[in-house]
Amino acid sequence: MEHKSANKICQNCKKDFPIESEDFKFYEKMGVNTPNLCRECRAQLRHIFRNERNFYKRHCDLCGESIITIWSSNKDTPVYCVPCWWSDKWDPMSFGFSYEGKRPFFEQIGELYKKVPKPSLVGARNIDCQYVNYVADCKRCYMIVESSNNEDCIHCYWIQKTKDCVDVSYTHQIELSYEVDDCHDSYGLKYSRSCYNCTDSAFLLNCRGCTECLGCVNLRNKTNCIFNIEYDREEYKEKLEEFRLDTHTGVENFRKEFEKFSRKFPRKYAEIYMSVNTTGNYEVNVKNNRACFHSYDAEDCAYSCHVWREAKDCMDCHTAGRTAERIYNSTNTGIQVSNCICCHNCWSSNFVEYSFICPNGNHLFGCVALKKGTHCILNKQYDKEEYEKIKTKIVDELKKENKYGEFFPKEMTLFGYNETTAIEEFPLSKEESLKLGFKWEDTPRGIYGKETKRWEEVPDSIKDVNFDVTAEIFVCTTCSKNYRIIQNEFLFYKKANIPLPRTCPDCRHERRMQSRGSNKLWRRQCMCQNESHDHAEKCPSEFETPYSPDLPDIIYCERCYQQEVY
């Protein structure tokens, strides 16, 4: 059946939102109702079930050992340490019960979700790693999240095949780098964004193939440049020393100068490269992606973030990859996954719906924490025929209520709004959150007023630091929270000639996230007025861009941008 685009009113925010003809085709393929919520409200609902970076101390409810976990001790749910959760010491089937046709399905899955033990952290096959969550196949890493296949990295977010880095995010195959975002195949980068194949450089923006450059924008295959001016090698070295980037003062002064300098240059409407028929931002080697963010090697996905590594035919997803296919309205569902609807943390699973933390499962509906389960509903085992009969009954009831395909209701989450990734993409105050029916977590995180070293006592240059940094407690100059610097982190700063950070890891993470912009798109026109770009007066090209009209950035279409930088 051919469908034309249509509009609906979001049942949450009451705003008008479109349903495209391609969307109707996908909903028919998955057999779900058309959504009752707009894209933003659907994403917000998924986010409130996802705590990535807020850690607490409590005890394992099985072995009693002290653990680090994303579940605060006041959460009314059992939490097991990772070894206990994966062990055979308990049986998730023992929590199962029969579906009761007279009770709402979401009420029943909510009861099960609360009762079944949760893993303290999410991860697999990590070696000598601490404070890591949603992490796999990493070695000697500390406080990294949403990452895999990394070594010796600290305070990082969403990194792949990265080594010996601190404070980096959304990177792939970089090494010995600090405070960079959206950088790929690079070495020795500092304070840079959206760079590829760059080496031993600092404060770069949208550069490619640059070596030993400082404070440059939109350069291609250049060497020994400062503020886009090329010097001979000796003069470059002399000028580099003048900026004193080994000192905190030097770095902060240069940061301000570079911010002003970078505003003079046009920016491409979106960070999309080697891609076809694609909208969104931060996408590489994708095809037919619509309104997706931070994606690579993906195809035919829509309204998703972190669809990667051969993800195909996914919609409304937050993290789906490694051959994930036909995934709808789900989070952290990847690694050889297919045909999943409204799932959370169901890796290597197929034909799974409305389930939480069910790795290696097949044909599950409304299950929690089953490992290698098959043909189960609400953690109860059935034969294939009975499973299909009960599942069909539940689906038919959800369809009649026009809810089949809606994510879990907000009342089900056990996290406070301020613990989840929702607070980053959809910031709300406590009062606003509670008014909208979200939870709020008041358990204190971090300590204050316990610093043992004032910043006035710390040398400005990393070269002059001659005390045991790891024995001291520092105070964040932004939020006043206390934090420590671990031994490997300090050794990295010494090796890379980086001054000790005056802000805590959380504030550094927040600064990187804010610099990326929001996962939203605006319809705008190219701002180029250069007649040599084959257009009279202003360029007529229009596009969808993550740069909102109230930002000061100069935004060009791809053709005009390429004529500026290539």
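Compute the angle between helix 105-115 and the longest alpha-carbon principal axis of the chain, please, reported from 0 to 90 degrees and rounded to the nearest 10. The angle comes out near 70 degrees. Based on Cα contacts under 8 Å between residues 6+ apart, the stretch 160-268 shows a relative contact order of 12 percent.
Rounded to the nearest 5, what % of DSSP beta bridges with both residues in the chain are antiparallel?
On the way: 20 of 100 bridges.
Here the antiparallel bridges make up roughly 20 percent for the chain.
Exposure proxy ranking for 467, 492, based on other Cβ atoms within 10 angstrom of each Cβ and starting from the fewest, stands as 467, 492.
Taking the convex hull of the Cα atoms, report for the stretch 272-410 its projected area averaged over all directions, in nm².
So the Cα hull casts an average projection of 7.9 nm².
Coupling constants for the stretch 297-307 follow from the phi torsions by the Karplus curve (6.51 cos²θ - 1.76 cosθ + 1.60, θ = phi - 60°), and in residue order they are 6, 10, 8, 6, 10, 8, 6, 10, 10, 6, 9 Hz; glycine and proline get x. Residues whose amide H comes within less than 5 Å of that of residue 481, counting only those at least five positions distant or on another chain, are 476 (H built at 1.01 Å from N in the peptide plane). The alpha-carbon atoms of the stretch 160-268, seen along their principal axes, cover 35, 30, 26 angstrom, with the largest extent given first. Loop-resident trypsin sites (Lys or Arg not before Pro) (DSSP state other than H, G, I, E or B) in the stretch 239-325 with no more than 11 further Cβ atoms inside 10 Å of their Cβ: 264.
Within the shell of other residues whose beta carbon sits under 10 angstrom from the beta carbon of residue 12, the net charge comes to +3, with Lys and Arg scored +1 and Asp and Glu -1.
Per residue, the convex hull spanned by the Cα atoms of the chain amounts to 155 cubic angstrom.
A simple charge model with +1 on the Cβ of Lys and Arg, -1 on the Cβ of Asp and Glu and nothing else charged puts the dipole of the stretch 6-47 at about 180 debye relative to its Cα centre. Taken about its Cα centre, the chain carries a charge dipole of about 1180 debye when Lys and Arg each add +1 at the Cβ and Asp and Glu each add -1 at the Cβ. Across the stretch 251-263, rounded Karplus estimates of 3J(HN,Hα) from the backbone phi angles (6.51 cos²θ - 1.76 cosθ + 1.60, θ = phi - 60°) give 5, 5, 5, 5, 4, 5, 5, 5, 4, 5, 5, 5, 5 Hz, Gly and Pro being marked x. Ranked by the mean number of other Cβ atoms within 10 Å of their residues, highest first, the peptides 73-84, 35-46 fall in the order 35-46, 73-84. Could you please state, rounded to a whole Å, how far the C-alpha centre of the stretch 270-309 is from the C-alpha centre of the stretch 32-47? So the two Cα centres are separated by 20 Å.
Name the shape class, rounded, prolate or oblate, that the alpha-carbon gyration tensor gives for the stretch 109-181, where a ≥ b ≥ c are the square roots of its eigenvalues, rounded holds for a/c under 1.5, and otherwise prolate holds if a/b is larger than b/c and oblate otherwise. The shape class here is prolate. Remark: relative contact order (the chain) = 10 percent; criterion is Cα-Cα distance under 8 angstrom and separation of 6 or more residues. Only Cα pairs under 8 Å and 6+ residues apart enter the sum, and on that basis the relative contact order of the stretch 272-410 stands at 10 percent.
Positive-end ranking of 62, 21, 9 along the dipole of the stretch 1-123, with charges on Cβ about the Cα centre, is headed by 9.
No value in this document is a laboratory result; all are computed from the given coordinates. This is a predicted model, so every value here is computed, not measured. Cβ sites come from the backbone with ideal geometry, for glycine too, and all protein chains shown count toward neighbours.
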